[in-house]
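*Asks:* I have a structure I would like to understand better, so I am pasting it below and will then ask my questions one at a time.
What follows is calculated from the coordinates using simple rules that are stated; it is not laboratory data. It should be emphasised that the depicted structure is a prediction, and the values quoted were computed from it without experimental measurement. Reconstructed Cβ throughout: ideal geometry from the backbone, glycine too, with neighbour counts over all protein chains shown.
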Amino acid sequence: MLKSSSLSEDAREIWNAGVRAVEAGQLVSEFIDITEHSVRLGTETIEFSACRRLIVIGFGKASGAMAVGLEQRLGAAALRKLNAVGRINVPDDRVFDSKFFKISGCRPGAVNLPTDRVLEATDEILELVRTAGPEDVVICLISGGGSALLEKPVDSISLAELRATTEFLSASGASIYQLNAVRRELSQVKGGGLARQCDARMVSLIISDVIGDDLSVIASGPTCFSVDDSTGLEVLLEFDPNRETVPEAVWRVVDCGAPRISAVEGHPQLSNFVIGNIETAMLASRKRAIELGYQVELVSPVGDEGEAGTVGRSVAIEIAQASLGSGSKCLISGGETTVLLPENPGRGGRNQQLVLAAINSLLSFQLSESADYCLLSGGTDGEDGSVSVAGGWVDADWINQHDETRKQELAGQSEKALEACGSFDFLNEHSLIFQVAATNTNVCDLRIALSYSGGN
């Protein structure tokens with residue numbers, strides 16, 4: 001029979017296959033067609049002879065790799081013909097060398113909040129965009145994490161007030177949709193604000209970290225005018241009904257509301273193309289799992305997965321149910337859970353919290369000795385919450401090495417860690433941290449649950 005060590009290795013291989021399929025440079029390269037006289041991006045064609053200047057801007061965890069992929073695909077000769085220039089904002093640990101574009105770190109890794117450096121870099125991007133004329137073309141490279149890497153608050157609030165509001169909402173369990181409903185009212189570049197300041201043709205290539213690829217949500221929709229009906233006021237009233245936590249300056253902005261702008265009003269020459277998402281990764285993982293001999297179930301991602309602990313316990317139940325059957329099975333799922341933080345949270349992230357909740361459940365299950373399993377959950381960007389790790393993992397070998405008394409002790413410890421949102425310290429102590437080098441992509445979280453049972 002298969003051993004847990006084999007399942008653990010397979011889980012990593014299946015997860016890695018998914019991440020490789022959404023590598024940013026590869027996605028950009030595959031999307032572009034180039035001829036002697038033009039460049040084609042989706043339905044948009046850039047004629048060398050008609051383009052005065054190609055301006056490339058980007059922001060997000062994967063935007064640096066996207067820019068390098070663009071540079072390599074077009075080549076130096078084409079970029080010179082197009083008089084290419086560019087400014088790309090990335091985290092400090094995702095900087096690449098480029099001969100044509102300025103790619104700079106603007107915030108520390110694993111700190112998903114705008115900094116003073118982000119504001120300065122955003123001003124540089126806006127200068128390029130505002131000087132673009134009708135004979136120029138702007139290519140915008142967008143990926144997850146872009147909300148914190150492109151920012152210019154409205155004039156009436158400070159960066160500190162914007163950060164405080166974002167941190168409060170995140171800690172309170174606000175969804176990405178709720179966060180962005182607030183952020184686009186506090187920003188000059190979100191909710192179509194970036195595109196609104198550009199008179200040239202703008203073509204956006206987007207790697208989505210949002211289920212359903214809602215363009216108004218990815219990086220807070222800087223090139224999208226189609227937004228939902230949620231308002232910042234509605235969101236803040238839900239999480240701060242007594243107006244005690246959110247800065248007063250922020251309340252004054254959302255009380256006024258933000259006007260809705262149509263695509264035509266905002267920018268008549270705007271094209272947005274999603275070139276990769278979590279579905280792309282999951283299908284690649286599925287292909288690899290089948291090659292390794294697993295019966296695969298692919299769980300369609302949903303926009304609001306729910307709280308990480310709840311999802312983790314559900315996955316543990318699915319693993320237990322799979323152990324009642326026979327054969328090798330693989331459950332692939334993806335999305336992004338939420339974590340409701342206590343007043344003084346410990347260290348961790350949503351993937352770690354999910355795995356810890358699964359561990360807490362598995363410690364109490366009475367599974368057959370023939371049952372073997374492994375669960376791995378990680379952020380495709382290689383980051384998870386407040387620590388520089390991708391997520392966590394657990395397998396049957398780790399659970400079964402403990403006697404019943406020790407299992408009870410660990411169940412109590414894991415329960416306390418869950419309550420404190422201190423998943424990292426527990427997982428790290430027991431060598432259950434999943435860590436990878438910074439990846440060149442960001443398409444939500446990817447989970448692999450493997451099981452093997454010899455049956456009855």
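*Asks:* Counting only Cα, what are the radius of gyration and maximum Cα-Cα distance Dmax of region 262-390, in Å?
*Replies:* So, for region 262-390, Rg and Dmax equal 18.2, 65 Å respectively.
*Asks:* Moving on to the next point. Report the label-to-label distance for R406 and V302 in nanometres (one decimal), using points 7 Å from each Cα along the Cα→Cβ vector.
*Replies:* About 3.7 nm, to one decimal.
*Asks:* In percent, how large is the relative contact order of region 259-372, given Cα pairs closer than 8 Å and 6 or more residues apart?
*Replies:* Computed value for region 259-372: 31 percent relative contact order.
*Asks:* Separate question: Once the convex hull of the alpha carbons of region 89-152 is built, what does its volume come to per residue, in cubic angstrom?
*Replies:* 88 Å³
*Asks:* Further question on the same structure: Taking the Cα centre of the chain as origin, work out the dipole magnitude from +1 charges on Lys and Arg Cβ and -1 charges on Asp and Glu Cβ, in debye rounded to 20.
*Replies:* The dipole of the chain has a size of about 1220 debye.
*Asks:* Starting from the Kirkwood radius over alpha-carbon pairs of region 39-91, derive D by Stokes-Einstein at 4 °C in a medium of 1.567 mPa s and give it in µm² s⁻¹.
*Replies:* My calculation gives 110 µm²/s for D.
*Asks:* I would also like to ask the following. Pairs of alpha-carbon atoms within less than 8 angstrom and 6+ residues apart define the contacts here; what relative contact order does region 355-444 have, in percent?
*Replies:* Over region 355-444, the number comes to 40 percent.
*Asks:* On to the next question. Which percent of Cα-Cα pairs in the chain sits in each 10 Å bin, short to long?
*Replies:* Per 10 Å bin, starting at 0, the Cα pair percentages come out as 4, 21, 29, 23, 15, 7, 1, 0.
*Asks:* Which of G133, T310, L354 sits farthest toward the positive end of the charge dipole of the chain, with +1 on the Cβ of Lys and Arg and -1 on the Cβ of Asp and Glu?
*Replies:* Toward the positive end, the furthest listed residue is G133.
*Asks:* Sticking with this one: Give, in nm to one decimal, the length gained when the segment between A50 and D199 is fully stretched (0.36 nm per residue of separation minus the Cα-Cα distance).
*Replies:* Contour length minus Cα-Cα distance gives 52.1 nm.
*Asks:* May I ask you to work out the translational diffusion coefficient for region 1-117 at 25 °C, viscosity 0.890 mPa s, via Stokes-Einstein with Rh from the Kirkwood sum over Cα pairs, reported in whole µm²/s?
*Replies:* Answer from the Stokes-Einstein relation: 151 µm²/s.
*Asks:* Still on this structure, I have one more. Could you compute the FRET efficiency for E343 and L237, with r as their C-beta to C-beta distance and R0 at 22 Å, rounded to 0.05?
*Replies:* The pair E343/L237 has a calculated efficiency of 0.55.
*Asks:* Further, regarding this structure: What's the exposure ranking of E336, E369, E318, going from fewest to most Cβ atoms within 10 Å?
*Replies:* E369, E318, E336
*Asks:* Also, I was wondering about something else. Going down the table (K61/K152; K61/K329; K81/K190; K81/K287; K287/K416), which pairs top 30 Å between alpha carbons?
*Replies:* Too far apart for the 30 Å limit: K61/K329; K81/K190; K81/K287; K287/K416.
*Asks:* What whole-number volume per residue, in cubic angstrom, does the convex hull of the C-alpha atoms of region 378-441 give?
*Replies:* Here the figure is 81 Å³ per residue.
*Asks:* Would you work out which of G193, S170, V210 lies farthest towards the positive end of the dipole of region 160-262, given +1 charges on the beta-carbon of Lys and Arg and -1 on that of Asp and Glu, about the Cα centre?
*Replies:* G193
*Asks:* Just want the answer: with Cβ charges of +1 for Lys and Arg and -1 for Asp and Glu, which residue in S158, L324, L41 is farthest toward the dipole's positive end in the chain?
*Replies:* L41
*Asks:* Suppose R0 equals 30 Å. What FRET efficiency, 1/(1 + (r/R0)^6) with r the Cβ-Cβ distance, do Q269 and E291 give to the nearest 0.05?
*Replies:* According to the calculation, E is roughly 0.10.
*Asks:* Give me the base-10 log of I(q)/I(0) for region 128-204 at each q in 0.11, 0.20 Å⁻¹, Debye formula, one uniform scatterer per Cα, rounded to two decimals.
*Replies:* Once normalised to I(0) and log-transformed, intensities are -0.34, -0.91.
*Asks:* Scan around S187 for amide H atoms under 5 Å from its own, H built in the peptide plane at 1.01 Å from N, and keep only partners 5 or more places away or cross-chain.
*Replies:* Result for S187 returns V154.
*Asks:* How much length, in nm to one decimal, is gained on full extension between R20 and E36, taken as 0.36 nm per residue of separation minus their Cα-Cα distance?
*Replies:* That pair, R20 and E36, stretches by 2.7 nm at full extension.
*Asks:* Still on this structure: For R80 and A438 in one chain, what is 0.36 nm times their gap in residues minus the Cα-Cα distance, to one decimal in nm?
*Replies:* My answer for the length gained is 125.8 nm.
*Asks:* Still on this structure, I have one more. Using alpha carbons only, how many angstrom separate the centre of region 181-209 from the centre of region 92-122?
*Replies:* 18 Å
*Asks:* Taking only the Cα atoms of region 331-456, how large is their convex hull per residue, in Å³?
*Replies:* So the per-residue Cα hull volume is 105 Å³.
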